[in-house]
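A.B. asks: One structure, as structure tokens, below. Some questions next.
The values are calculated or read from the model by the stated rules, or taken from the named source; none is laboratory data. Please read all numbers here as calculations on a predicted model, not as lab measurements. Glycine also receives a Cβ, built like all others from the backbone with ideal geometry; neighbour counts cover every protein chain displayed. Only protein heavy atoms, including side chains, enter the accessible area calculation; ligands, DNA and RNA are left aside. Shrake-Rupley method; radii C 1.70, N 1.55, O 1.52, S 1.80 Å.
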Amino acid sequence: MNSLCSNMITRLLQLFLAYEEDPNVKLLILKGQGKAFCAGGDVRPVICDIVQGLGKWRLGADFFSYQYTLNYVMATYSKIQ
């Protein structure tokens with residue numbers, strides 16, 4: 001249900017940062033499909049990468065680093081969302 005992926009997180013982060021500086025943007029609305037906005041399906045691929053080994057744990061570390069950066073930007077955002 002609306003699982004996040006690295007590409008989605010990167011794009012959302014870019015948009016949030018760009019829109020925060022844009023005086024024409026007054027409000028942001030995020031909408032997921034269905035009942036859940038994000039239900040944690042993003043964790044499974046990260047765990048699979050860790051289990052496979054061969055340094056793939058770094059993919060998961062990077063994923064969560066970007067995700068928590070996005071979470072911080074959203075939590076401290078200066079515009080209505």
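A.B. asks: Which pairs turn up if I take residues in segment 1-30 that are more than 18 Å from residue 45 (Cβ to Cβ) and look for partners that are small (Gly, Ala, Ser) and open to solvent by 80 Å² or more (accessible area, probe 1.4 Å) with beta carbon separation below 9 Å, at least 6 apart in sequence or on another chain?
C.D. replies: Listed by first residue and then by second, the contacts come to 20/78.
A.B. asks: When you look at residue 65, is it open to solvent by 40 Å² or more (accessible area, probe 1.4 Å), at pLDDT 80 or above and not in a helix (DSSP H, G or I), yes or no?
C.D. replies: Judged against the criteria, residue 65 is not a match.
A.B. asks: How many of the residues making up segment 51-81 are touching a residue at least 40 places away in the same chain (Cβ under 8 Å) and under 16 Å from residue 28 (Cα atoms)?
C.D. replies: Adding up the residues that qualify gives 8.
A.B. asks: Which of the residues belonging to segment 1-30 are part of a helix (DSSP H, G or I), surrounded by 14 or more Cβ atoms within 10 Å (Cβ to Cβ) and small (Gly, Ala, Ser)?
C.D. replies: 6, the sole residue that qualifies.
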